[in-house]
Structures are given as structure tokens and as C-alpha cells.
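Here is the structure we will look at.
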């Protein structure tokens with residue numbers, strides 16, 4: 001793979017010229033555009049950047065939801081020899097200001113008035129381009145998308161061709177900012193080779209995207225996983241990308257698009273699991289018994305089926321009576337590879353979908369290694385394990401349990417911050433994750449080094465394992481273990497309101513709202529009994545002594561969750577100081 005992103009993109013655009021490349025869902029139907037149109041739009045964007053006479057390698061920010069213009073701005077910037085970076089749509093004004101200042105951005109593409117209003121005043125030397133029509137003057141002045149593209153019409157094609165030909169595989173292609181769970185985000189520098197080699201290698205091992213494939217784009221495009229899914233995988237395979245209208249419309253988008261490849265963060269899979277579980281609980285007893293039998297059979301034989309090995313007649317019957325119907329209702333009946341990644345997933349969720357003949361193939365990695373390091377595929381799959389290293393890479397476990405990785409997927413470092421890049425003298429990237437490798441080479445992720453709780457008694461405790469068990473309790477959405485420098489462990493709980501309402505109602509409570517449920521003694525007693533059952537299987541120092549049911553859910557807008565729905569412990573502990581103090585009062 002000795003070519004660059006412009007080379008790869010041009011090759012697929014010429015080969016697939018009239019085939020659909022991008023699709024946008026509007027009012028219940030998919031509106032598509034061809035690879036040729038996609039390529040031409042990216043070239044038009046690149047020419048417009050040349051018309052602005054920006055220094056080579058200028059940083060181009062993109063702030064908005066998943067749509068074709070996001071991809072055009074990203075790839076168009078690369079064609080022009082500049083360096084794009086995405087900004088999470090949920091970013092605060094302060095976070096946006098930091099990224100624009102740190103990156104020294106020259107151009108910012110915003111989706112709409114609402115996003116532009118988050119930018120504040122125009123930073124010095126920044127050009128702002130707005131995709132949707134300007135309705136309100138709030139925020140910095142800008143030019144429209146159409147006007148911006150028009151500025152490049154006088155730039156000759158040879159000028160753009162020269163810019164593309166000058167690029168080399170080792171050149172910086174894009175920046176991916178980390179989510180910054182504990183400090184300011186880092187700007188991960190990824191080369192053309194990082195992106196193309198990693199995408200190609202991972203696809204050869206697992207994704208195997210082809211021209212007839214359809215992927216659904218809904219995770220933030222600022223995240224490396226969605227960029228591999230929506231940007232670089234398709235330009236190497238010719239697969240079509242369809243953009244969901246919004247995350248809230250994901251169920252409808254799945255039913256309409258019926259993707260053949262789908263990435264879900266754990267929270268997405270957990271919500272689907274909760275929805276199915278709730279529906280089953282409301283069904284007649286014979287349907288509940290049939291579903292329970294299907295789950296048992298699936299958990300025993302689905303791995304065999306996915307690996308192409310013989311299964312029983314009963315499994316085939318369940319496929320017809322249960323599995324197929326559930327997958328069709330979810331819009332996943334065509335999905336060859338349902339994937340989970342970006343955060344740890346609960347074991348019970350993996351088992352639940354295995355029991356529907358829908359194994360969730362775990363991928364583990366990080367922005368610093370261009371996304372995937374280990375992947376699971378049919379035939380290379382163990383529930384609870386994140387698969388094996390992609391060919392050409394190495395994974396090993398340090399003496400303190402930290403996961404280390406090495407290979408061509410490791411990035412170029414952090415922009416303006418070489419000292420904090422966790423690469424040792426032997427070329428091993430230190431992940432910050434704790435894990436283990438089994439005898440067959442499967443990786444199991446066991447927690448974060450920085451998340452270790454050190455109690456007042458000096459015990460080191462990884463909270464993720466305990467939180468995972470508590471989160472299995474029906475009615476609980478998130479669980480956060482507290483206990484650093486304290487005499488015992490306690491717990492903050494947020495509610496899955498719909499399921500909590502069912503559990504409380506089954507026990508005679510009339511509590512209905514989130515606030516009522518949070519203060520319901522019947523629900524509290526139910527959780528207390530379940531937590532005591534979990535405590536019975538834990539070491540004494542790991543047991544939970546007290547807990548608090550919060551009357552609000554954790555919110556990404558408040559900084560309590562990352563865009564991939566991982567909890568931000570320092571912020572949660574700051575926001576709920578009062579509740580934590582009461583737990584230790």
C-alpha cells in the first residue's frame with residue numbers, strides 16, 4: 001500500500017463512476033449521489049481552498065452532524081494538501097475555541113447557524129464556511145457553501161493535480177482529537193499510510209467491505225472508528241455510505257437502510273437489548289418461553305453457525321421462528337458483521353445477542369493506532385474477548401498489566417506535544433488499558449490504569465468489573481463506583497427509566513417519573529437486594545457498602561459522557577460532590 005488517499009479515492013471514483021457512493025435519509029427515503037459526483041465535489045472543495053492561498057498543510061476544522069458535506073470537506077482538504085480535523089457536534093463553546101486555537105485552523109466548516117453560534121467571535125485569520133443557508137447573524141461572519149465552492153472555479157485542474165501528486169504516504173493526512181476524558185484533548189497525527197494500511201489490513205481480516213455493501217453512518221465523524229467506517233473503508237472498497245438523520249432516528253434508519261455492515265458502541269447495543277427485553281416481558285407466556293429457549297440454543301450454537309460449522313435442526317427452527325424475525329424487525333437481517341467497539345461492553349449484552357444468532361464482533365483500539373488493533377471475525381471469536389491482532393501488528397502485556405501495541409498503524413505522535421506521546425524506546429505504544437492475552441492470543445480488556453481506585457487501606461481496585469456487574473441489573477443505566485482514598489466503596493446509579501418503571505411496578509410501586517423512581521423505597525430495596533447478591537461474589541475490599549440513585553441521567557452535553565458514551569469520572573465526581581459526601585457521612 002504505497003499510495004496516498006487522493007490516489008486511492010481517484011481510483012475508486014473512476015472505477016465506480018456511476019454507482020451510488022453516498023446516501024442521505026430525508027423524509028423516509030434515501031437520496032443518493034454517485035462516486036463521480038462525490039469526487040467532483042471534493043475536487044471543487046479542494047480548488048476553493050487553493051483559491052484562498054492557504055499555506056500548505058493548513059488545518060481545516062469541520063463542525064456538524066453526519067452528512068455528505070462533512071466527507072467532502074474532509075477529503076477535499078486532503079486532496080488540496082491540507083489537514084482536516086473534526087469537532088464533536090456536542091462540543092461546548094470553550095472546547096471549540098480550544099481546538100481552533102490549538103490546531104491553528106485556517107478554515108472552519110460549520111453545518112448551520114446553531115453550530116456557528118457556538119464558535120463565538122471569529123478567531124484571527126479564520127475563514128468560516130456554512131453548509132446550510134444563513135438565517136441568523138449570531139456567531140462569526142461566514143460565506144455560504146455554494147459561494148465558497150464557486151471561488152475555486154478559476155483554479156486549473158493541473159494545479160490541483162500537482163498538489164495531489166506531491167503528497168507522500170508518510171505525510172500527515174488528518175488530525176483526530178481524542179475525547180479528553182481527563183485533560184485537554186490530544187491531536188493525534190495520522191499519515192496517509194497509517195489510514196490506508198490499517199483500513200486495508202483490517203478489511204482483509206474482517207470487514208471485507210465490497211462494492212455492494214452498505215454502511216450506516218451515525219456515530220460522530222470526529223471519531224476514528226466512524227472515519228474508518230464512512231471515509232476510508234468505502235474509498236478502498238466502493239461500499240455505499242448512508243447517513244442517518246440523527247442518532248434519535250437510528251431505529252428508523254436501520255429499518256430503511258438494512259446495512260450489511262454496522263458498528264454500534266456498547267450503549268447502542270444495550271438500548272436495543274433493553275427494548276427487546278421489555279417487549280418480551282410484555283408478551284404472552286408461550287412467547288416468553290419460546291424466546292428463552294431460542295436464547296439458550298443460540299448461545300450454544302451461534303458461534304458454530306457463524307464459523308460455517310454444522311448446527312442442530314432445533315437451531316435452524318429457531319432461526320425461522322425467532323432469530324430471523326428479530327433481525328428483520330431491527331433492520332439487521334442483511335448485516336454480515338455487527339461490530340461493537342469504542343468502549344467496553346457488558347458480558348450479558350454479548351450473550352444476549354449471541355442468543356439471537358447475532359454475535360457482536362468486538363474491535364479494540366484507539367485513535368493513536370488508527371482505530372483497530374485487535375478484531376473479531378467469524379471463526380476468530382470469543383465472547384468477552386476483543387479478538388486477535390490485525391496481521392502485521394504486535395500486542396503484548398506489560399508487567400503491570402498494561403496493553404502495549406506496535407506496528408504500522410501506530411500514529412505519528414501528538415501535534416505540538418511530543419513529550420506526552422506514550423511510545424517507548426522499543427516502539428511500543430502504551431495504551432493505558434489493562435488486559436490479558438489467553439493461550440490462543442485473544443485479548444481481554446480489563447479496565448483502565450488511570451481508573452484504578454486506591455482505597456484508604458491501600459487496596460488497588462479496578463471499578464469497571466464491578467460496574468459491569470451492577471449495570472446488568474434491570475432498571476440501571478449507568479453505575480459509577482466511588483472510593484478513591486476512602487475507607488470503602490460506594491456507588492452512584494442512574495436509571496433506565498422505562499425498565500426501572502417496570503421493575504418498580506412489578507413490586508407494587510406506582511412511581512412513574514424519573515424523580516419519583518429515584519426516591520422510591522420499593523425500587524431502592526430491589527436494587528439493594530441485587531447489589532448484595534453481587535457483593536456475595538466479590539472480595540471483601542471490592543464490596544459496595546452504600547449507593548445513591550440519582551434523579552438525573554448522565555449527559556454528554558454536560559461533559560459527563562464522551563461522544564461514544566464512556567463515563568467521564570472526574571466530571572461526574574465533581575457534579576455529584578454533595579451526593580458522594582452523603583454516602584460517606
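Rounded to the nearest angstrom and listed largest first, the equivalent-ellipsoid semi-axes of the range 523-585 from its Cα gyration tensor are 24, 14, 13.
For the range 452-583, the mean projected area of the C-alpha convex hull, equal to one quarter of the hull surface, is 7.7 nm². The Rg/Rh ratio of the range 88-193, with both radii computed over alpha carbons and Rh defined as the Kirkwood radius, is 1.02.
Full extension of the chain segment joining residue 104 with residue 313 gains 69.0 nm, where the gain is 0.36 nm per residue of separation less the Cα-Cα distance. Would you please classify the overall shape of the range 163-316 from the alpha carbon gyration tensor, given that a ≥ b ≥ c denote the square roots of the eigenvalues, rounded means a/c under 1.5, and beyond that prolate means a/b larger than b/c while oblate covers the rest? Note, shape of the range 163-316 comes out prolate. Indicate, rounded to the nearest 5 percent, the antiparallel portion of the DSSP beta bridges found entirely in the chain. Given both bridge residues lie in the chain, the antiparallel proportion sits at roughly 55 percent.
The range 315-358 gives an Rg/Rh value of 1.00, both radii derived from C-alpha positions and Rh following Kirkwood. Evaluate the Debye formula for the range 36-75 with equal point scatterers sitting on the alpha carbons, no solvent, and hand back log10 of I(q)/I(0) at q = 0.20, 0.27 Å⁻¹, in q order, two decimals. Listed by q, the Debye log ratios stand at -0.64, -1.00.
Here the range 350-415 is described by how far its Cα atoms reach on the three principal axes: 44, 26, 21 Å, from widest to narrowest. The length gained by stretching the chain between residue 420 and residue 158 to full extension, at 0.36 nm per residue less their Cα-Cα distance, is 90.2 nm. Ranked for footprinting exposure by Cβ neighbours inside 10 Å, fewest first, 154, 230, 17 give 154, 17, 230. Of the residues 531, 87, 522, 461, the one with the fewest other Cβ atoms within 10 Å heads the list, and the complete ranking is 522, 461, 531, 87. With a Förster radius of 35 Å applied to the C-beta separation of residue 347 and residue 516, the computed FRET efficiency comes to 0.65. Kirkwood hydrodynamic radius computed over the range 1-151 comes to 16.0 Å, based on all pairs of distinct alpha carbons. Per-residue ellipticity at 222 nm, computed for the chain from helices alone with -39500 (n - 2.57) per DSSP H run of at least four residues, works out to -10500 deg cm²/dmol. With all pairs of separate Cα atoms included, the range 4-72 yields a Kirkwood hydrodynamic radius of 13.6 Å. Does the range 368-488 come out rounded, prolate or oblate, given a ≥ b ≥ c as the square roots of the eigenvalues of its C-alpha gyration tensor, rounded meaning a/c under 1.5 and, failing that, prolate meaning a/b above b/c? Judged from the Cα gyration tensor, the range 368-488 comes out oblate (a/c at least 1.5, b/c at or above a/b). Taking the longest Cα principal axis of the chain as reference, the axis of helix 192-202 is set at about 40 degrees. Here is the size of the range 72-116 from its Cα atoms: Rg then Dmax, 11.0, 30 Å. Taking the alpha carbon gyration tensor of the chain, multiplying each eigenvalue by 5 and rooting it gives semi-axes of 40, 28, 25 Å, largest first. Pairs of Cα atoms nearer than 8 Å and 6+ residues apart set the relative contact order; for the chain it is 10 percent.
Using the Cβ-Cβ distance between residue 304 and residue 134 with R0 set to 60 Å, the FRET efficiency from 1/(1 + (r/R0)^6) comes to roughly 0.55.
By the count of other C-beta atoms within 10 Å, a proxy for reagent exposure, 380, 228 are ordered fewest to most as 380, 228. Helix 93-103: angle to the longest alpha-carbon principal axis of the chain, degrees 0 to 90, nearest 10? Here the helix axis deviates by roughly 50 degrees. Can you figure out the FRET efficiency of residue 533 with residue 446, using R₀ = 22 Å and their beta-carbon distance, to the nearest 0.05? Once rounded, the FRET efficiency stands at 0.50.
Segment residue 584..residue 506, full-extension length gain: 24.9 nm, with 0.36 nm per residue of separation and the alpha-carbon distance subtracted. Could you state the angle between the C-alpha long axis of helix 35-51 and the longest principal axis of the C-alpha atoms of the chain, as a value from 0 to 90 degrees rounded to the nearest 10? So the inclination is approximately 60 degrees. When Rg and the Kirkwood radius Rh are both evaluated on Cα atoms of the range 273-449, their ratio Rg/Rh stands at 1.07.
FYI, it's all coordinate maths here, none of it is from the lab. It should be emphasised that the depicted structure is a prediction, and the values quoted were computed from it without experimental measurement. Please note: Cβ atoms are built from the backbone with ideal geometry, for glycine as well, and neighbour counts cover all protein chains shown.
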